[in-house]
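The structure under discussion appears below in the form of structure tokens.
The values are calculated or read from the model by the stated rules, or taken from the named source; none is laboratory data. Computed from a prediction, not measured in an experiment: that's the story for all the values here. As a convention, Cβ positions derive from the backbone with ideal geometry for all residues, glycine included, and neighbour counts pool all protein chains shown. Heads up: the accessible areas ignore ligands, DNA and RNA and are worked out on the full protein's heavy atoms, side chains in. Shrake-Rupley method; radii C 1.70, N 1.55, O 1.52, S 1.80 Å.
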Amino acid sequence: MLKLSDVHKSFGKVEVLKGISLNVEKGCVTAIIGPSGAGKTTLLRCMNFLEKADSGEMEFDDENLDLKKVSKKTVLSIRRKTAFVFQNYNLFSNKTALENVMEGLVIARKIPKAQSKDIAMKALEKVGLKDRADFYPVSLSGGQQQRVGIARAIAVNPDVILFDEPTSALDPELTGEVLSVIRTLADEGTTMVIVTHEMSFAREIADHVVFMEGGVIVEEGTANQIFTSPKEERTRKFLASIIKK
Amino acid sequence: MAEAGRKIMQLDFSYLVKTFWLCVKAIPVTLEITIVSLLLAVIPALVIALCRIHHIKVLEQFGRIFVSFIRGTPMVLQILIVYSVMPSLLNSFVKKVGLSVNVFDLNPIIYAFIVFGLNSAATLSEVFRSAISAVPKGQVEAALCAGLTPFQTFRRIVLPQATVSALPNLCSITVILIKNTSLAFMMTVREITAVAKIEAAYGYNYVESYIDIFIIYIFVCLTVELIFKKIERRVVFAGVRRAKAI
Amino acid sequence: MNRPFSPVQIWNSFLKIIPYAGVTFGVVFGTIILGTALAILLFIQKKSEKRFVRVLAEGYINVIRCTPSIVLLFIVYYGIPKIALGLFAIDLNFSSKITYVIISLALIYSATLSEIIRSAYLALGKAQYEAAISIGLTPFQAVWRIMLPQGLVYALPNLGNSLISLFKEGSLAFTIGLIDMMGAGNLIISRNYGAYSLETYLALAVIYWVLTLIIEQIFLRLEKHYGRGREENHAA
């Protein structure tokens, strides 16, 4: 459904993505793991053009795109087919939870208000926050804010949801509620790409695991393959260092 | 108290009171200059702020230099420059366009609008620039990801939040502007200080006049601050408070 | 009066004005000294236990904040001789205009400065002072060696701005007849019967503008130098 070929990206003199090729199948959960600075977040942000890749190709919905020369129209249309969940939630502080979820529907997709409210409430219910619909982000805990962020993502019915370290900014007690929401989505067959540090979670829900280090994909495979019998030395080293913690 | 004043400073108390009410009558002129200048300045200030934030080539440089000049030169000098240049400039403009307006009959308050408008455009642009930049970039990204256009993002997410965070600075700019209008007398505008000077010249009662306007300015400025505080309290949206500036 | 614009006159005026820079700087220097003393006094009074003193200090700051500098200048200039006459029977007879300028500017500057000191003190925290005196430093040593150096860093940007403001407010001194740079410019214009006023004003504007830019640069360097080690390293 989404295919990346040979993506390169540099920030100044530092090359952060050194030729990444990735295949995201429909209904699959892809987990991207790796040490900090490996380029995982950058890769994710290139997928919906929060960062502009220097070169490479993307195939989305049977449409081929040259990442060097994407038009504003294309960017907008891809953004309307995808959703992004941020590490720092990035909820709109001047809008209630409900309004946050409705924003993408009413304004971006021009769905009538009543219908949008309906969809938004269902999304909030799905993440367990129906009773917080009229709360402003400042009155919500980190876990609640992130769940609203997820509701915002699922309300627009995207082809794929991109998660950028969804639990990294949360206190340990709050990660559980967010992970369980993501687990539900996975069980329902939502296409997702998740950058995460939660290894056991990744192992549990991922259909496809990608290990990145130093701007390249070192190894990829099923969760079993990567976590139980990694082929590469670097993968083994990384997993060992995680387990020690 | 009149006795003490008379004894210490040989104050003429009756004169003090008389001039006070004469100067009070000039408060509308001061307010008119302030309000019109601010209104004139809002759109240019917003344009300059946005050009500088989004690095729009030529306009950004022009904006930077303009703001630097206004903030780097005394208000008095700006007034003197505009007052010495504007009438003749307007005169030649009017002659070119062919209007039958006598520029030298124009109400000098127009020049006040021009110079205070320019000054406010510069100071306001700095306030807008910092308020807009203070809105967390993450929210802008989230809005773009949700599919909003940059314009929609600005109008619905950035502007509301920037306005709230700009309020305290807007209050202080307004108060400073009111104080600056005290220099408009140099352009023969009959605002508060002008009236005081005129009255003082009549009876040589300088101290009384200036004490009068001293009191008047305090009153006007404190009232403006009160109004802004009221606005700030109402605009706080459900639980979100601006970060307390130290 | 409509003589054509003559850029050469800008340079001429500039040359005639510069000699008076000393007066302008003298005003600022005097104001800083007097103003700092008053500001420290104000700052201490604001923390006083006696409510009356606190209210007085706060009231003073609020009043100054709402007073145009020219109004205060006039009150000081016309008022102090009158007080001197009435109370002490001294005839000051408008001697030494620069004194009045410095007094009125210092009154204004002290209010701003005391607020700057206050915000730097709040940012720094009482804890530093308490730690210093618990190891045996006298209050004066604690302030001089511990609070001041650290507080200065917080205060630097505001100090730079207030210095620039001081120069600009000081430009009003010519209205009571002081011959500083602005006063010199005014003299030039009146001697030319109003001709080339724009050129003279432009010369003055350039002088002030360059002065402001220099001060900004100096303070930027100072902030960078003293701010070292204080900024967190931003991860790539």
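Answer with yes or no whether C:L38 is buried (at least 22 other Cβ atoms within 10 Å of the Cβ) and in contact (Cβ under 8 Å) with a residue 60 or more places away in the chain. Let's see the steps before the verdict.
On the way: buried (at least 22 other Cβ atoms within 10 Å of the Cβ): no; in contact (Cβ under 8 Å) with a residue 60 or more places away in the chain: yes.
Against the criterion (buried (at least 22 other Cβ atoms within 10 Å of the Cβ) and in contact (Cβ under 8 Å) with a residue 60 or more places away in the chain), C:L38 does not qualify.
Which condition from (1) open to solvent by less than 60 Å² (accessible area, probe 1.4 Å); (2) in a helix (DSSP H, G or I); (3) over 23 Å from C:K46 (Cα atoms) is the one that C:I116 breaks?
C:I116 satisfies every listed condition except (3).
So, in region B:125-160, of the ones that are open to solvent by 20 Å² or more (accessible area, probe 1.4 Å), among the polar types (S, T, N, Q) and in contact (Cβ under 8 Å) with a residue 12 or more places away in the chain, which residue ends up nearest to B:I70 (Cα to Cα)?
Top of the filtered list is B:S130.
One residue is enough: does region A:183-190 have a residue meeting the conditions out of contact with any Pro (no Cβ under 8 Å at 6 or more places or on another chain) and closer than 24 Å to A:G19 by Cβ? Please lay out each step first, then the result.
Going residue by residue through region A:183-190, those that are out of contact with any Pro (no Cβ under 8 Å at 6 or more places or on another chain) are A:183-190.
Right, trim to closer than 24 Å to A:G19 by Cβ and you get none.
No: region A:183-190 contains no residue that is out of contact with any Pro (no Cβ under 8 Å at 6 or more places or on another chain) and closer than 24 Å to A:G19 by Cβ.
Which fully enclosed strands (runs of 3 or more DSSP E) of region A:132-228 have 2 or more residues being under 18 Å from A:Y89 (Cα atoms)? Step through it out loud before you land on a result.
On the way: elements: A:160-164, A:192-195, A:208-213, A:216-221.
Answer list for region A:132-228: A:160-164, A:192-195.
Given the conditions (1) open to solvent by less than 10 Å² (accessible area, probe 1.4 Å); (2) farther than 24 Å from C:F74 by Cβ; (3) within 13 Å of another protein chain (Cβ to nearest Cβ), which single one is not true for C:Y154?
(1)
Could you check C:P4 against (1) within 13 Å of chain B (Cβ to nearest Cβ); (2) exposed (fewer than 15 other Cβ atoms within 10 Å of the Cβ); (3) within 17 Å of C:V101 (Cα to Cα) and say which number it fails?
(3)
Filter region B:106-119 down to residues that are open to solvent by 40 Å² or more (accessible area, probe 1.4 Å) and under 14 Å from the mean Cα position of the chain (by Cα) and give me whichever is farthest from the other protein chains (Cβ to nearest Cβ). Steps first, answer last, please.
Applying the first criterion (open to solvent by 40 Å² or more (accessible area, probe 1.4 Å)) to region B:106-119 yields B:106-107, B:110, B:114, B:118.
Retained after the next criterion (residues that are under 14 Å from the mean Cα position of the chain (by Cα)): B:114, B:118.
Details: B:I114: 15, B:L118: 13 Å.
Among residues in region B:106-119 that are open to solvent by 40 Å² or more (accessible area, probe 1.4 Å) and under 14 Å from the mean Cα position of the chain (by Cα), the one farthest from the other protein chains (Cβ to nearest Cβ) is B:I114.
For region A:22-34, check the following and say yes or no: at least one residue is away from chain B (no Cβ under 11 Å), of a type outside the set (G, A, S) and without any contact (Cβ under 8 Å) to a residue 12 or more places away in the chain. Please lay out each step first, then the result.
Within region A:22-34, the subset away from chain B (no Cβ under 11 Å) is A:22-34.
Narrowing further to those that are of a type outside the set (G, A, S): A:22-26, A:28-30, A:32-33.
Filter once more, so that each one left must be without any contact (Cβ under 8 Å) to a residue 12 or more places away in the chain: none.
No, because not a single residue in region A:22-34 is away from chain B (no Cβ under 11 Å), of a type outside the set (G, A, S) and without any contact (Cβ under 8 Å) to a residue 12 or more places away in the chain.
Which one is farthest from C:Q217 (Cα to Cα), of the residues in region B:66-93 that are part of a helix (DSSP H, G or I) and of a type in the set (V, I, T)?
Residues of region B:66-93 part of a helix (DSSP H, G or I): B:66-72, B:75-93.
Next, only the ones that are of a type in the set (V, I, T) stay: B:67, B:70, B:76, B:79, B:81-82, B:85.
On the way: B:V67: 16, B:I70: 17, B:V76: 24, B:I79: 26, B:I81: 26, B:V82: 28, B:V85: 31 Å.
Once the filter is applied, the top-ranked residue is B:V85.
Table: residues versus (1) without any contact (Cβ under 8 Å) to a residue 24 or more places away in the chain; (2) on the phi < 0 side of the Ramachandran plot; (3) facing chain B (nearest Cβ under 10 Å).
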{"residue": "C:R54", "(1), (2), (3)": "yes, yes, no"}
{"residue": "C:R65", "(1), (2), (3)": "no, yes, yes"}
{"residue": "C:S69", "(1), (2), (3)": "no, yes, yes"}
{"residue": "C:L73", "(1), (2), (3)": "no, yes, yes"}
{"residue": "C:K82", "(1), (2), (3)": "yes, yes, yes"}
{"residue": "C:I90", "(1), (2), (3)": "yes, yes, no"}
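Among (1) open to solvent by 50 Å² or more (accessible area, probe 1.4 Å); (2) touching a residue at least 60 places away in the same chain (Cβ under 8 Å); (3) within 18 Å of A:K95 (Cβ to Cβ), which single condition is A:K117 missing?
(2)
I'd like the full set of residues that are aliphatic (A, V, I, L, M) and within 18 Å of the chain's Cα centre (by Cα), limited to region C:43-74.
Here is the first cut: in region C:43-74, the residues aliphatic (A, V, I, L, M) are C:44, C:53, C:55-57, C:61, C:63-64, C:70-73.
Hits for region C:43-74 are C:I61, C:V63, C:I64, C:I70, C:V71, C:L72, C:L73.
Among the residues of region C:108-117, is there at least one that is away from chain B (no Cβ under 14 Å), closer than 27 Å to B:I215 by Cα, in contact with a Lys or Arg (Cβ under 8 Å, 6 or more places away or on another chain) and in contact (Cβ under 8 Å) with a residue 60 or more places away in the chain? Even if it seems obvious, please write down each step before you answer.
In the first step, residues of region C:108-117 are kept if they are away from chain B (no Cβ under 14 Å); the result is C:109-110, C:113-114.
Going one step further and asking which of them are closer than 27 Å to B:I215 by Cα, we end up with C:109-110, C:113-114.
Remaining after also requiring in contact with a Lys or Arg (Cβ under 8 Å, 6 or more places away or on another chain): C:114.
Then keep just the ones that are in contact (Cβ under 8 Å) with a residue 60 or more places away in the chain; that gives C:114.
Within region C:108-117, one or more residues are away from chain B (no Cβ under 14 Å), closer than 27 Å to B:I215 by Cα, in contact with a Lys or Arg (Cβ under 8 Å, 6 or more places away or on another chain) and in contact (Cβ under 8 Å) with a residue 60 or more places away in the chain.
What are the residues in region C:190-225 that are loosely packed, with under 13 Cβ neighbours inside 10 Å, among the charged types (D, E, K, R) and closer than 23 Å to B:S88 by Cβ, if any? Can you show your working first?
If we filter region C:190-225 for residues that are loosely packed, with under 13 Cβ neighbours inside 10 Å, which is where we start, we get C:190-191, C:193-194, C:210, C:214, C:217-218, C:221, C:224-225.
Then drop every residue that is not among the charged types (D, E, K, R), which leaves C:191, C:221, C:224.
Correct list: C:R191 only.
Can you tell me which residue among A:I226, A:I242, A:I217, A:I205 is open to solvent by less than 50 Å² (accessible area, probe 1.4 Å) and at pLDDT below 85?
Details: A:I226 fails: at pLDDT below 85; A:I217 fails: at pLDDT below 85; A:I205 fails: at pLDDT below 85.
It is A:I242.
Could you tell me whether B:V103 is more than 12 Å from chain C (Cβ to nearest Cβ), at pLDDT 85 or above and surrounded by 14 or more Cβ atoms within 10 Å (Cβ to Cβ)? Give the derivation first.
Working: more than 12 Å from chain C (Cβ to nearest Cβ): yes; at pLDDT 85 or above: no; surrounded by 14 or more Cβ atoms within 10 Å (Cβ to Cβ): yes.
In short, no.
Among the helices (runs of 4 or more DSSP H) contained in region B:120-195, which hold 2 or more residues that are more than 26 Å from A:R45 (Cα to Cα) and within 10 Å of another protein chain (Cβ to nearest Cβ)?
Working: elements: B:137-145, B:150-153, B:159-180.
So the answer is B:159-180.
Please specify each residue of region A:93-133 satisfying the condition of being within 12 Å of another protein chain (Cβ to nearest Cβ), more than 13 Å from A:A151 (Cβ to Cβ) and at pLDDT 90 or above.
none
Mind checking whether some residue in region B:199-219 is touching a helix residue (DSSP H, G or I) at 6+ places or on another chain (Cβ under 6 Å), β-branched (V, I, T) and within 14 Å of chain A (Cβ to nearest Cβ)?
No, region B:199-219 contains no residue that is touching a helix residue (DSSP H, G or I) at 6+ places or on another chain (Cβ under 6 Å), β-branched (V, I, T) and within 14 Å of chain A (Cβ to nearest Cβ).
Just for region C:119-132: of the residues that are of a type in the set (A, V, I, L, M, F, W, C) and open to solvent by less than 50 Å² (accessible area, probe 1.4 Å), which one is nearest to the other protein chains (Cβ to nearest Cβ)? Steps first, answer last, please.
Start the filter on region C:119-132 by keeping residues that are of a type in the set (A, V, I, L, M, F, W, C), which leaves C:120, C:122-124, C:127, C:131-132.
Filter again for open to solvent by less than 50 Å² (accessible area, probe 1.4 Å), leaving C:120, C:123-124, C:132.
On the way: C:A120: 9, C:A123: 6, C:L124: 11, C:A132: 22 Å.
It comes out as C:A123.
Quick check on region B:198-213: of everything there that is closer than 24 Å to B:V115 by Cβ and surrounded by 17 or more Cβ atoms within 10 Å (Cβ to Cβ), which residue is farthest from the chain's Cα centre (by Cα)?
Filtering first and then ranking leaves B:Y210.
Name every residue in region B:70-90 that is open to solvent by less than 60 Å² (accessible area, probe 1.4 Å), free of Cβ contacts under 8 Å to residues at least 60 places away in the same chain and within 9 Å of chain C (Cβ to nearest Cβ), in order of residue number.
Selection gives B:G72, B:T73, B:P74, B:L77, B:Q78, B:I81, B:S84, B:V85, B:S88.
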